[in-house]
Amino acid sequence: MASSSPAEVNRRLEGKVALITGGASGIGKRTAEIFVQQGAKVVIADIQDELGHSVAQTIGSSTCTYVHCDVTDESQIKNAVDTTVQTYGKLNIMFNNAGIGGPNNSRIIDNDKADFERVLSVNVTGVFLGIKHAAQAMIPARTVQSMLWLV
C-alpha cells in the first residue's frame, strides 16, 4: 500500500475552488478554513455580511472571498456561482451548508405555517438552487468534483 507524505495529505484540495453557503459561521466557517488549509480557493456565501467579510479577511484575501447570498433567492445563488467562476476561473466544489432550525415550540399546534415554510425554503429549496446553478457551471466545464449538502 502506497503511503502519502504529510504535505500531500495536507494539500488534497490544491487547485480546487469551492463555494460554501452559510460559510460565515459554524460548520461553514470551519469548512472554509479547512478547505483553504487543504489548498483550495474558497468563496463564502452568506447573509451575515459583516461576519462573512471578517471571516474571509481572517482566512486570507488571496484564498478566500465573500459574497452576499440568500439561498432562498435564485438570482443570488446564481450570482454567487457566477462570482466564484469570475473570481477564480472555475468551480469544483459546491458545499450547500446554509440552514436554519425551526421554532422551538414543542407542540405542533403552537407552530406557524410561515415558520415551517421558511425552514423548507432555506433547507430544501436553497439546496436545490445551489445544486442547479453549480451544475450549470460545473458540467460544461467538466469540473464536477463534489456537491455536498447538510440536511
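Just so you know, all these numbers are worked out from the coordinates, no wet-lab data involved. Small disclaimer: the values here were computed from a predicted structure and weren't measured. A quick note on method: Cβ atoms are made from the backbone with ideal geometry, for glycine too, and the neighbour counts reach across all protein chains shown.
Sequence-ordered 3J(HN,Hα) estimates for segment 62-69 from the Karplus curve with 6.51, -1.76 and 1.60 and θ = phi - 60° stand at 7, 10, 8, 10, 10, 9, 5, 7 Hz, glycine and proline given as x. Ordering of 23-32, 61-70 by packing is 23-32, 61-70, highest average first (other Cβ atoms within 10 Å, averaged per residue). In terms of packing, defined here as the mean over residues of other Cβ atoms within 10 angstrom, the peptides 39-47, 117-125 line up highest first as 39-47, 117-125.
Over segment 84-139, the Kirkwood radius and the radius of gyration, each from Cα atoms, give a ratio Rg/Rh of 1.19. Taking packing as the residue-averaged number of other Cβ atoms within 10 angstrom, the listed peptides 91-100, 48-57 run from highest to lowest as 91-100, 48-57.
Taking the convex hull of the Cα atoms, report for segment 9-84 its projected area averaged over all directions, in nm². So the Cα hull casts an average projection of 4.5 nm².
Relative to the Cα centre, the charge distribution of the chain, modelled as +1 at Lys and Arg Cβ and -1 at Asp and Glu Cβ, gives a dipole magnitude of about 580 debye. Taking amide H positions as modeled 1.01 Å from N, with prolines and chain starts lacking one, the residues under 5 Å from Val42 and 5 or more places away or on another chain are Ala18, Cys64, Thr65.
From its DSSP helices (H runs of at least four residues, each -39,500 (n - 2.57)), the chain gives a residue-normalised ellipticity at 222 nm of -13500 deg cm²/dmol.
Length gained on full extension, Thr125 to Glu33, computed as 0.36 nm times the residue gap minus the Cα-Cα distance: 30.5 nm. By the equivalent-ellipsoid construction on the alpha carbon gyration tensor, the chain comes out with semi-axes of 29, 17, 15 Å, ordered largest to smallest. Projecting the Cα atoms of Pro140, Ala45, Asn104 onto the charge dipole of the chain, computed from C-beta unit charges around the Cα centre, puts Pro140 farthest toward the positive end. Within the same chain, lysines fewer than 8 places from Lys16 are excluded, and of the rest, those with a Cα less than 28 Å from its Cα are Lys29, Lys41, Lys78, Lys90, Lys132.
Each other residue within a Cβ distance under 13 Å of Met138 adds +1 if Lys or Arg and -1 if Asp or Glu, for a net charge of +3.
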